[in-house]
Structure formats: structure tokens, C-alpha cells
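Trainee: For reference, the structure I am asking about is given below.
The values are calculated or read from the model by the stated rules, or taken from the named source; none is laboratory data. On a predicted model such as this, the values are computed, not experimentally measured, just so you know. Here the Cβ positions follow ideal geometry from the backbone for every residue, glycine too, while neighbour counts run over all protein chains shown. Please note that ligands, DNA and RNA were not included when accessible areas were found on the heavy atoms of the full protein model with its side chains. Shrake-Rupley method; radii C 1.70, N 1.55, O 1.52, S 1.80 Å.
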Amino acid sequence: MNHRCPINTSEMAKAYEPHAVEGVLYDWWERQGYFKPEIAPPDAKPFVISMPPPNVTGELHMGHAITTFIEDLLIRYQRMQGRAALWVPGSDHAGIATQLQVERMLAREGTSRQAIGREEFLRRTWEWKEKYGGRIQTQLRRMGASCDWDRLRFTLDEGLSRAVRECFVRLYEKGLIYRGEYLINWSPGLQTAVSDLEVEYCEEEATLYYFKYPIAGARLEEGPGVGYIPVATVRPETILGDTAVAVHPDDQRYRHLIGSTCLVPILNRPIPVIHDTYVSMEFGTGALKITPGHDPNDFEIGQRHGLPILKVLNPDATMNELAGPYAGLDRYECRRRLWADMEAAGLALKTEKYITQVPHSQRGGEVVEPMISTQWFVRMRPLADAGLAAVRDGRITIVPDRFTKIYYNWLENIRDWCISRQLWWGHRIPVWYCQDCGHMTVARQDPTTCPQCGSARLEQDPDVLDTWFSSGLWPFSTLGWPEDTPDLRRFYPTDVMETAYDILFFWVARMIMQGLEMTGQVPFHTVYLHGLVRDAQGRKMSKTTGNVIDPLEMTDRYGTDALRFSLLTGSTPGNDMNLSEERIIAGRNFANKLWNMTRFVVTNLGANPPHADGELTDLPLALADRWILSRHNLLIQEATRLIEAYQMGEAGRQIYEFLWGEFADWYIEMAKARLTGSDEVARTTVRRVLVFVLERCLRLLHPFMPFVTEAAWQHLPHTGEALMIARWPEPGVRDEAAEAAMHAVMDVVRAIRNARSEYNVEPGRRIAAVIAAGDRVPLFASQAEVLVSLAHLDGTRLQITNELAVKPDQALSLVVGGVEVYLPLAGMIDLAAERLRLRKELDRVSGLLARSEKSLNNPAFVAKAPPEVVQKERDRLAELQEQAAKLRRQLDTLGG
């Protein structure tokens with residue numbers, strides 16, 4: 001195997017070109033086997049992440065991107081810590097989404113799944129998956145995902161299918177899976193039950209219909225509470241399935257009617273008036289129609305009161321025979337006609353606009369219907385109790401902690417889980433029904449005969465399992481469970497489950513419950529939840545809004561590292577982040593800055609470049625060297641601590657601030673004088689420090705920006721094949737005295753720079769300075785070269801003394817941390833011209849100030865103008881007053 005990096009390191013390009021190195025480096029990393037845990041020593045402690053499997057239908061979006069970047073950062077960090085880092089990749093068969101794609105394809109061909117039959121439909125779906133299913137893996141590679149692609153899994157592959165069957169049968173044998181009638185979310189367009197996660201509630205304006213529920217044996221004219229009960233609903237068509245009207249037991253308006261009978265409008269079917277504390281006396285009319293077959297809350301009330309359950313909707317959302325004269329009508333046409341009939345019969349009271357949450361199918365987009373249906377369910381209470389205990393006793397930690405209470409609340413109030421779906425693509429439910437004796441067989445292997453009567457006439461349940469059922473097994477099924485595989489023994493339990501907070505309940509909680517039930521162990525010790533990526537204004541990205549930022553387009557334009565760094569440093573645990581293209585451009589600029597500082601170091605290493613791994617204890621270190629090494633040691637300590645605490649964004653921000661704000665802007669600038677000087681020892685020292693600090697910073701930054709750091713590192717003198725398998729740096733001892741001394745010098749430089757800017761001193765002009773440093777004279781005298789270089793002073797006119805008996809005349813006075821700095825203005829600027837410029841500017845500002853004061857002293861303006869306009873004018877006045885005061889101070893300093 002050729003271990004040599006394919007990047008040409010004979011000469012470092014003047015500019016960083018991400019597209020010239022990203023693909024080359026990634027292919028080389030993968031060929032070298034760096035993504036595999038076996039790259040670590042055999043006795044290395046494992047660190048394992050199971051990739052949340054993206055839909056096989058999917059194309060990369062920002063949600064995938066941030067998930068990938070965070071997980072890749074953790075894996076690269078742990079790999080550099082010497083762990084046997086395994087990141088298991090895979091994809092999900094995405095039952096509904098994939099079936100929709102293939103059905104649309106068939107429709108374009110002029111056929112349908114019903115026309116071609118189940119077997120041919122599944123053949124065509126597998127064919128579609130083989131053709132398009134690898135797109136997302138290709139895109140993840142472009143993002144730098146260092147997964148072990150040899151361990152790629154798919155939720156419908158043979159091993160995972162065996163795991164799904166084993167889980168189903170075990171749960172059934174323990175009495176935790178049952179078949180029964182329950183209220184589920186029904187998607188009329190998809191013709192299947194859908195999970196809660198696949199339902200999106202949208203706030204919409206609806207119509208609230210008020211009508212009369214006639215009291216049996218009474219006349220409507222007798223009024224509310226005697227002749228009828230007033231009721232309100234947003235779904236009049238469900239009136240036809242009502243089996244009671246409920247009132248609160250303490251409601252004086254209706255207490256006398258409890259136990260009486262009323263009539264379903266139009267159908268005149270008698271139903272009871274019942275009492276239940278669920279009913280709100282303040283909402284609507286205070287009376288609630290109860291439709292157990294089409295409303296989840298009504299279903300619970302119906303169970304408590306033993307009410308019959310009527311289903312008046314067909315699977316396609318048309319009305320069935322129980323709807324009487326409305327049978328066969330679409331649900332919305334039924335609503336229109338029923339209301340018209342009620343108006344004609346004198347049963348309508350009024351309508352009013354009403355804002356409500358309307359449930360839509362996430363996949364099909366149509367309004368879903370709560371509907372009673374015979375389905376397969378998992379009994380969740382025992383599983384939920386185990387999941388609660390695992391977090392409460394500390395075996396699992398949720399980051400950030402505020403989601404722990406949300407997790408508890410969901411599991412404490414959990415309902416049984418409907419796991420059957422009326423689809424063809426997915427894991428077929430392993431249940432067979434004998435067509436002769438009716439016996440039901442649940443089996444791990446397909447049975448050939450009925451165990452009860454011996455008949456071969458067996459028919460498998462037509463439904464498939466909810467996709468979340470199989471993905472709930474993901475952390476251990478991908479490692480070979482239920483077989484006792486070497487991977488399962490070495491890499492399970494995994495370490496971190498990183499995903500978006502919006503699937504904490506529907507996936508993370510189910511992995512915890514199923515992992516505990518199937519393996520007896522928690523599937524991971526930490527759950528890290530990231531937020532959603534929104535646009536620059538904080539809006540959710542959507543194609544409809546037109547505000548989607550395409551990660552592939554951004555990497556094409558600015559490079560992968562730019563996108564990675566902007567997302568990683570812009571995110572904090574559990575919080576949404578706003579992303580703009582400007583932030584990504586800033587990431588690109590940082591990559592360029594890193595390349596440029598590396599190129600500066602490389603081109604100044606001399607004929608015998610120092611090795612990056614060399615120790616520095618034998619060097620006569622200058623104050624600047626001691627300062628940067630101490631700051632560098634603090635950075636390693638803090639970056640390590642922050643990543644271990646899952647504060648990756650803050651770690652990245654601190655690395656950025658150090659590299660750009662301290663190493664490049666200060667240390668490299670201070671180093672230039674020694675690099676060009678005649679002192680060979682000083683040149684050697686600064687070269688070794690430059691290489692030492694930069695090389696370790698590239699290691700720190702590698703998990704955030706793997707491509708540019710690897711490409712830059714290859715140009716430095718180093719040992720080892722690749723940066724990505726180099727060890728994470730260990731912090732050395734801090735030199736706080738050096739830090740304090742250097743910061744004092746830097747503060748003086750900043751103050752002089754600010755003064756030069758304030759007085760518009762020409763950038764190339766070197767100026768005189770007098771520094772009264774008190775007992776710090778030795779420090780500032782030793783750093784005279786730094787002061788001259790960085791503050792652009794005239795070395796021949798720099799005076800450093802402990803104190804001044806007489807202050808210089810017409811000199812700008814600066815006080816910085818107890819040090820006095822005087823800058824003689826005559827050598828800085830043309831005094832007469834500067835006085836003239838300042839007077840003109842003061843006249844201009846004074847005029848604006850007078851107009852602003854006049855407006856604010858006008859009672860009519862203050863009373864009539866919008867408050868925000870008045871506040872804006874007050875802020876402007878304060879700003880102008882500050883500008884005027886500053887100009888007067890400057891004129892006083894100039895003597896006029």
C-alpha cells in the first residue's frame with residue numbers, strides 16, 4: 001500500500017483551492033483505512049456512533065449536514081485521542097416516502113401498484129433503490145464523513161430484517177405486542193396508518209359550527225337546556241358518528257340533563273347525555289359531542305363510559321353506510337350538505353371563524369383523519385418504565401439537560417404504539433393466518449403448515465411494520481444482533497447518539513426502550529441533541545418560502561470546510577441556529593487565512609526546517625514566544641474540555657480566535673522582525689515556535705475543518721502519514737507571568753493604533769512616542785522592537801522612562817493600565833489642517849444636533865410620532881452629543 005499523501009508538497013500554492021484537494025484527500029483517507037476502528041491498536045477503547053440513517057430516497061439538506069458535521073467532529077476527535085473510533089453508516093428504507101416515489105414512477109408509466117401486484121411492485125422498488133439509493137452516501141462523502149463504509153447497513157438488508165423479526169416475536173411472546181382496535185392517524189391519500197411523527201399540525205383558520213342537539217321528547221322552541229343542548233364543532237361530518245353528548249358535572253346549565261337522551265341531528269339516532277370532568281365549561285357552549293371513532297380525546301371518554309364506537313368514514317375519506325343519506329359523499333361535501341340540511345331543519349345556530357391546529361400527513365400533505373382501526377400495537381408501559389429508569393439513574397445522559405424533563409413527560413404519558421402500516425414496502429409483519437381453522441401463527445421463520453390443523457393454506461398479514469420499529473433497533477442490529485458477532489461484543493453499547501431534538505420521542509426514546517428490552521443494556525450513554533438550521537431571519541427553511549440554503553451548492557461555491565465551520569461554530573446544544581451565506585463566506589475566509597499563515601511559516605523555515613515535533617526546552621525563548629506558547633497551552637486545555645462537554649461550537653470559536661486574533665495578528669507580526677534580523681539563534685527559535693504552535697493548532701482544528709488542515713499539515717515538516725490519525729495534543733504548563741507582561745505591551749500597541757486611526761495618521765508614517773512605564777521600564781525597554789514594529793513607531797524617537805517631570809506640549813495623552821503614553825502631535829499630523837478639519841466636522845455635527853434637539857423639544861412631534869420613531873431620534877441625539885464631545889476634546893488637545 002502506498003502511504004504517501006497524494007498532495008504535491010514540493011511547493012505550496014499561493015491560494016487554497018478546496019476543490020483541488022477535497023476529493024483527493026477523502027479518497028486517500030478511505031484507501032488507507034483511516035476510517036476503520038482497526039487503525040487503532042487492538043487494545044484501544046472503542047468509541048462508537050451509529051449514524052441516524054437518512055432516508056434512502058433522500059438528498060442532502062442542512063439537517064443532514066449539521067448531523068454529519070457534529071458526528072464527524074466527535075469521531076475525528078476520539079480517533080485522535082487514540083480510541084478505536086467506529087462510525088456506522090446506513091440508510092433507512094423509508095416506507096411511505098419510497099413507496100410514494102415508486103407509485104409516482106408507475107403513474108407516469110400509466111400503471112399502478114394495484115395493477116402490477118405486490119410481488120412485481122416490490123421488485124420494481126428494489127430496482128429503484130439500487131439505482132437511486134446510493135446518492136446520499138456519495139453526498140455524505142463530499143461532506144467529509146469519516147464513516148467505516150465497509151460496515152454500511154440498510155434497514156431492509158438481510159441481517160436487519162432478521163433482527164426485526166426476532167424483536168417482533170420476542171415482544172409478542174412476552175405479551176407486549178397485540179392486535180386490536182384503537183384510534184390511529186389515517187392518511188386517506190396514502191391509504192395507511194401514519195405515526196405521530198408523520199403528522200404535522202398547521203395553524204389554520206377554520207369555521208366553528210354551532211348547532212342544536214335536540215332533547216328527546218322536548219321541543220326545540222323550549223330553548224337551550226330544555227329543548228336542546230347547544231354544541232359546537234369544526235368537523236360537522238363527524239356528528240353522524242356521535243355516540244354521546246358530554247357536559248361537566250358541575251355545570252349548572254346542563255346538570256339536570258345528565259342521564260337523559262338526545263337525538264343525533266338529521267339521523268335522529270338516540271344517544272345519552274353523560275358527564276365527564278374533561279369537558280371545559282368555558283369553551284364553546286360547555287357541551288361536547290363525543291365521537292369515539294374519530295377523535296382521540298373522545299375515544300378516551302368513550303372508553304371510560306363504555307360508549308359504542310362508530311366509524312362513519314371509509315379509508316378514502318368518503319362517508320360509509322352509517323352516514324345515512326350522506327353515504328358515498330366526500331367528507332367535505334358531506335360537511336357542506338349536512339350543514340345546509342341542518343339550517344333547513346332549524347338546527348343551525350351560527351358559524352364563526354376559529355383558529356385551530358389541523359393535522360396533515362407529512363408525506364402526502366392531505367388532512368389526516370383520526371379513525372378507529374384494527375392494527376398491531378406495542379404495549380408501551382413496561383418499556384417506557386425501563387426507559388425512564390435508564391435516564392433517572394444516570395446510565396444515559398441527555399445533552400442539553402433541559403430535554404430530560406421533556407423525555408420524562410413523554411414517557412410518563414405514553415400511549416401504546418401502533419406499529420402496523422398498510423403499505424407494501426417494508427418489513428412484512430411475521431404473522432400468518434390459517435385459512436381453514438383461523439389459527440394465527442407468529443414465527444421467526446416462514447411457516448409451511450398450520451401448527452394447529454396442519455393445513456398449508458396460510459396467508460401472511462398484509463401489513464408492514466412502522467419504519468421506526470426497525471430503526472429503533474439500529475444501534476445493535478447494525479452490529480449483527482441477534483447473532484453474537486465480534487462487532488456486537490466489541491462495539492456495543494455504543495457511546496453517543498447525536499440527532500435533532502425533534503425526534504427525541506419518536507426515535508431516540510424507542511432506541512432506548514428497544515435496546516434495553518432486547519439486549520439488557522442501554523444502547524448509548526449520551527444523547528446529544530442539536531437544533532434546527534434556520535435561515536438568516538430565523539425562519540424554517542422550505543422550498544415554498546424559497547429560503548433553502550443547499551449544502552451541496554454551498555460546498556461547490558466555498559468548499560466543504562467553510563460550510564462545516566460555519567455550522568459547527570454557529571450551533572449550541574439543543575438550540576436552533578440562523579444560517580446565512582455571509583457566515584459561510586466567513587468560514588471560507590478563515591480557511592484562506594489558515595492557508596496563508598501556513599504558507600508564511602513554510603516559506604520562512606529556511607534551508608534546514610525545524611521538525612514540528614521537536615521540544616522547545618533548549619531554546620532561549622523571548623517574551624513573545626513564552627506568551628504564545630502559554631496561550632496555546634490554554635487553548636488546548638479549553639478546546640479539549642469544551643469538546644468533552646459537548647460544547648463543540650465554543651471550542652471551534654476559541655480555536656478561531658486564537659489562530660486569527662493571537663497567532664496571525666500578533667505573534668506572526670512580532671516574529672517578522674526576528675525572521676529578517678541577523679541573529680541566527682533568534683531566527684531558529686522563532687521558526688521552531690511557529691512550526692510547533694501551528695502544527696498543534698492544525699490538530700485542534702482538524703475535526704472542524706478536515707480538508708484544509710490536512711492539506712496545510714502535509715506541507716509542514718512532520719512525522720506520521722496523515723493529520724487525521726495524528727494524536728490530539730496535550731497541554732503544557734501555562735506561563736501566566738509572560739501572558740500578563742505581553743498583554744500589557746499589546747494594550748499599549750492597541751491604544752497607539754487606535755489613536756493613529758482616530759487622528760487619521762497616514763499608515764506609512766512612523767511617529768514619535770514617550771512611554772512613562774514606572775516600574776515596568778525593563779519590560780517595555782525589552783519590547784521596544786515589538787512596539788516599533790507593531791505600533792509603527794520611529795525607533796529613534798521612542799523614549800521609555802519611568803516617569804516624566806514635565807508633560808510634552810501638544811501631545812496626545814493615553815493612559816493604559818497605569819502606563820502613560822504621549823504621542824507628540826506635530827510629528828503625527830499637519831496641526832493646522834487637522835484643526836480646520838475638526839472645526840468643520842464639529843460645525844456639521846452641531847447643526848445636526850440642533851435639529852435633533854428641536855424635534856425632541858417639539859411636544860407635537862413627541863406626542864404624534866410613532867414611539868419607535870421618537871426613540872430612534874433620541875438615540876440619534878445621544879450619538880451626536882457623543883460625537884460633538886469627542887471632537888471638542890480633540891480640538892482642545894490640538895490647542896484650538
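Trainee: Bins of 10 Å, beginning at zero and ending with the bin holding the largest distance: percent of Cα pairs per bin for segment 1-120, please.
Mentor: Going out from 0 Å in 10 Å bins, segment 1-120 shows 11, 25, 27, 19, 13, 5, 0 percent.
Trainee: Please work out the C-alpha center-to-center distance from segment 1-33 to segment 553-573 and express it in whole Å.
Mentor: Here the answer is 20 Å between Cα centres.
Trainee: Mind checking the per residue accessible area of the chain for me, 1.4 Å probe, whole number of Å²?
Mentor: 43 Å²
Trainee: Among the lysines, which fall within straight-line cross-link reach of Lys45, defined as a Cα-Cα distance under 20 Å, with same-chain neighbours fewer than 8 residues apart omitted?
Mentor: In chain and number order, the partners are Lys36.
Trainee: Per the Kirkwood definition applied to all pairs of different Cα atoms, how many angstroms is the hydrodynamic radius of the chain?
Mentor: Answer for the chain: a Kirkwood hydrodynamic radius of 33.6 Å.
Trainee: Using 0.36 nm per residue, how much length does the chain from Asp416 to Thr485 gain when fully extended, once their Cα-Cα distance is taken away?
Mentor: Roughly 21.6 nm would be gained on extension.
Trainee: For segment 452-527, what relative contact order do you get, as a whole percent, if you take Cα pairs closer than 8 Å and at least 6 residues apart?
Mentor: 34 percent
Trainee: Using a basic spin-label model with each label point 7 Å from the Cα along Cα→Cβ, how many nm lie between His3 and Leu605?
Mentor: 1.8 nm
Trainee: What accessible area, in Å² to the nearest ten, does a 1.4 Å probe give for His3?
Mentor: Ignoring ligands and nucleic acids, His3 comes out at about 90 Å².
Trainee: Sticking with this one: Strictly greater than 17 Å: what percent of every Cα pair in segment 309-372 meets that?
Mentor: For segment 309-372, the fraction of Cα-Cα distances above 17 Å is 55 percent.
Trainee: Using just the alpha carbons, could you tell me how many Å³ per residue the convex hull of segment 547-670 encloses?
Mentor: 134 Å³
Trainee: Are there trypsin sites (Lys or Arg not before Pro) in segment 515-600 that DSSP puts in a loop and that have at most 13 other Cβ atoms within 10 Å, and which ones?
Mentor: Filter output for segment 515-600: Arg539, Lys543.
Trainee: With r defined as the distance between the Cβ atoms of Tyr201 and Glu59 and R0 fixed at 30 Å, what FRET efficiency is calculated, to the nearest 0.05?
Mentor: 0.70
Trainee: Taking the 0 to 90 degree range and rounding to the nearest ten, how far is the long axis of helix 118-132 tilted relative to the main principal axis of the chain, both from C-alpha atoms?
Mentor: On a 0 to 90 degree scale, this one is about 10.
Trainee: Restricting the count to DSSP beta bridges whose residues both fall in the chain, what percent are antiparallel, rounded to a multiple of 5?
Mentor: Close to 70 percent.
Trainee: Next question. Can you list the residues of segment 570-593 with backbone N under 15 Å from a point 7 Å past the Cα of Asn547, pointing along Cα to Cβ?
Mentor: So the set is 576-582.
Trainee: Further, regarding this structure: Over its Cα atoms, what ratio of radius of gyration to 2.2 N^0.38 Å does segment 169-237 give?
Mentor: The reported ratio for this selection is 1.89.
Trainee: Could you work out the relative contact order of the chain? I mean the mean sequence separation of Cα pairs under 8 Å and 6+ apart, divided by the number of residues, in percent.
Mentor: Answer for the chain is 11 percent.
Trainee: Still on this structure: What nm value, rounded to one decimal, do you get for the distance between Glu581 and Val806 when each label is placed 7 Å out toward the C-beta?
Mentor: 6.3 nm
Trainee: If the cut-off is 27 Å between C-alpha atoms, which lysines fall inside it for Lys840, apart from same-chain ones fewer than 8 positions away?
Mentor: Once the sequence-local lysines are set aside, what remains near Lys840 is Lys854, Lys872, Lys886.
Trainee: In addition: Given bins 10 angstrom wide, list per bin the percent of all Cα-Cα distances in segment 435-503, short to long.
Mentor: Values per bin, smallest distances first: 15, 30, 24, 21, 10, 0.
Trainee: Quick one: helix 831-856 against the long Cα principal axis of the chain, what's the angle to the nearest 10°, folded into 0 to 90?
Mentor: Compared with the principal axis, the helix lies near 30 degrees.
Trainee: Okay, moving on. Computed FRET efficiency, Cβ-Cβ of Thr617 and Gln252, R0 60 Å: what is it to the nearest 0.05?
Mentor: Here the calculated transfer efficiency is 0.10.
Trainee: Helix-only estimate, please: 222 nm mean residue ellipticity of the chain, summing -39500 (n - 2.57) across DSSP H runs of length 4 or more and dividing by its residues, to the nearest 500.
Mentor: Per the formula, -13000 deg cm²/dmol.
Trainee: At 0.36 nm per residue, minus the direct Cα-Cα distance, what do Gln114 and Gln362 gain on full extension? Give it in nm, one decimal, please.
Mentor: So the extension gain works out to 87.0 nm.
Trainee: Do any GluC sites (Glu not before Pro) in segment 444-553 lie in a DSSP loop with no more than 13 other beta carbon atoms within 10 Å, and if so, which?
Mentor: Glu483
Trainee: Next up: Among the lysines, which fall within straight-line cross-link reach of Lys405, defined as a Cα-Cα distance under 27 Å, with same-chain neighbours fewer than 8 residues apart omitted?
Mentor: Partners within reach: Lys540.
Trainee: So, in nm, how far is label Arg876 from label Ala784 when the simple model puts each one 7 Å beyond its Cα toward the Cβ?
Mentor: 5.2 nm
Trainee: How much length is gained on full extension from Ala826 to Lys864, taking 0.36 nm per residue of separation minus their Cα-Cα distance?
Mentor: Full-extension gain reported as 8.5 nm.
Trainee: Taking amide H atoms as placed 1.01 Å from N in the peptide plane, list the residues 5 or more away in sequence, or in a different chain, whose amide H sits under 5 Å from that of Cys262.
Mentor: Ala216, Ile271, Val273
Trainee: Set the Förster radius R0 to 51 Å, insert the Cβ-Cβ distance between Thr138 and Ser280 as r into 1/(1 + (r/R0)^6), and round the FRET efficiency to 0.05.
Mentor: 0.40
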